[in-house]
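What follows is a set of notes on a single structure, which appears directly below.
The values are calculated or read from the model by the stated rules, or taken from the named source; none is laboratory data. All of these numbers come straight from a predicted model, not from anything done at the bench. Counting neighbours? That spans all protein chains shown, and the Cβs are built from the backbone with ideal geometry, glycine included. The accessibility values were calculated without ligands, DNA or RNA, using every heavy atom of the protein model including side chains. Shrake-Rupley method; radii C 1.70, N 1.55, O 1.52, S 1.80 Å.
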Amino acid sequence: GTNGCVNFMEQIIPVNPTPVANAGPDKVVLEGGFVTLTPVLINGIPVTYLWSPSTGLNNPNIAAAVASPTEDITYTLTVTSDKGCTTNDQVYVEVLKKPNIPNIFSPNGDGVHDQWEIQYLSSYPGCTVDIYNRYGQLIFHSVGYNTPWDGTVNGKQVPVGTYYYIVDPKNGRSKMSGYVDVIR
C-alpha cells in the first residue's frame, strides 16, 4: 500500500468439471417397436441422467433408456454432475408408420384420387413397388415412391379392373401384397 505495508492471502478455488452431454445419434423405429437410446457415457465424474419428455420411455432416469414412441419425438438428455453442473443434448426418434395402402383409386382427371397414394410410404426411401395385371405381367415398378402410380403404362391409361401389387418397404418391415381396383 501507500504506507509501505504488504499483505497477501492465498485461497484454493475448486473448479468443478461440467459434464458434456451427448445424446447419441438420431434413431429410427418401426411403429409398435422399440429402440435403445445410446448416449455417450460420462466417465471420471459421478453423473445422473434424465430424459425428457418421458413419453414412451421405460425409465427416463437411466442413460440407455428404451424408447417406444407412437409419433416422431425429440428427447432431451440432461446430464447432472454430483456438484450440480448440468448440460443437455437432444436426439430425434423417427417412427416409421406402417404404410396404409388403399385398394381403389380413380385416375379420371377430376383431381380426386387420381394417383395411387400410399400413406407413410415416403418415409421408406429404399422401398419397391411392383404392380401386375391380371395376367401376371409387371406393369409398374418403382424404387422409392416419390411419384405415385397414375394408372398408366407407357403413357396410356390401363383398363378399369383389378391389379395386384407387392410393396416392399424394407427397413425391417415385411413385404405387403394385395390388390388395387382402378375405376373411372
Next item on the list: Tell me which residues come under 5 Å, amide H to amide H, from ILE139 once H is placed; ignore anything under 5 positions away on its chain.
Entry: ILE131, TYR132, ASN133
Next item on the list: Pop out the ³J(HN,Hα) list for segment 167-184 in order, Karplus 6.51 cos²θ - 1.76 cosθ + 1.60 with θ = phi - 60°, rounded to Hz; leave Gly and Pro as x.
Entry: 10, 10, x, 6, 6, x, 8, 6, 5, 10, 9, x, 10, 9, 9, 9, 10, 9
Note to self: Could you compute the net charge surrounding GLY172? Neighbours are other residues with a C-beta less than 15 Å from the C-beta of GLY172; K and R count +1, D and E count -1.
What the structure shows: +3
Check: What order do you get for 4-12, 62-70 when each peptide is scored by the mean count of other beta carbon atoms within 10 Å, highest first?
Finding: 62-70, 4-12
Check: Points 7 angstrom from Cα along the Cβ direction at GLU10 and GLN119: gap in nanometres?
Finding: 7.4
Margin query: I want to make sure I understand the PRE zone here: with the label point 7 angstrom from the Cα of THR70 toward its beta carbon, which residues in segment 79-93 have backbone N atoms less than 20 Å away?
Written below: 93
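Working from the pairwise distances between different alpha carbons, so that the mean of 1/r is found and then inverted, what is segment 51-151's Kirkwood radius in Å? Before the final figure, lay out the partial values.
Working: mean 1/r = 0.0575 Å⁻¹.
Hydrodynamic radius (Kirkwood, Cα only) of segment 51-151 equals 17.4 Å.
Would you mind getting the Kirkwood hydrodynamic radius of segment 116-184 from its Cα pairs, rounded to one decimal in Å? Intermediate values should be presented prior to the final figure.
Numbers: mean 1/r = 0.0804 Å⁻¹.
Answer for segment 116-184: a Kirkwood hydrodynamic radius of 12.4 Å.
When the accessible area of the chain is split by element with a 1.4 Å probe, what percent falls to carbon and sulfur? Mind showing how you got there, number by number?
Details: 5820 of 11300 Å².
Here it works out to 51 percent.
Can you check what the net charge comes to around PRO159, using other residues whose Cβ is under 14 Å from the Cβ of PRO159 (Lys, Arg +1; Asp, Glu -1)? Before the final figure, lay out each step's value.
On the way: positive: ARG134, LYS156, ARG184; negative: ASP181.
Neighbourhood net charge equals +2.
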Notebook entry, point to check: If you build a Gaussian network model of the chain, linking Cα atoms that sit under 10 Å apart, which residue out of GLY172, GLY126, GLY44 swings the most?
Noted result: GLY44
Notebook entry, point to check: Quick one: Debye curve from the C-alpha atoms of the chain, no solvent, what's log10 I(q)/I(0) at q = 0.10, 0.12, 0.14 Å⁻¹?
Noted result: -0.61, -0.72, -0.82
Notebook entry, point to check: Under a 5 Å amide H to amide H cut-off, with H placed in plane at 1.01 Å, what residues pair with TRP149 once short-range neighbours are removed?
Noted result: TRP116
Notebook entry, point to check: What FRET efficiency, computed as 1/(1 + (r/R0)^6) with R0 = 41 Å and r the Cβ-Cβ distance, is obtained for SER174 and THR18, rounded to the nearest 0.05?
Noted result: 0.30
Notebook entry, point to check: Between ASN154 and SER52, what is the label-to-label distance in nm when each label sits 7 Å out along the Cα-to-Cβ direction?
Noted result: 6.3
Next item on the list: With springs only between Cα atoms under 10 Å apart, run a GNM on the chain and tell me which of GLY32, GLY136, GLY56 wobbles the most.
Entry: GLY136
Item checked: Integer Hz, Karplus 6.51/-1.76/1.60 couplings in order for segment 155-160, x for Gly and Pro -> x, 10, 5, 7, x, 4
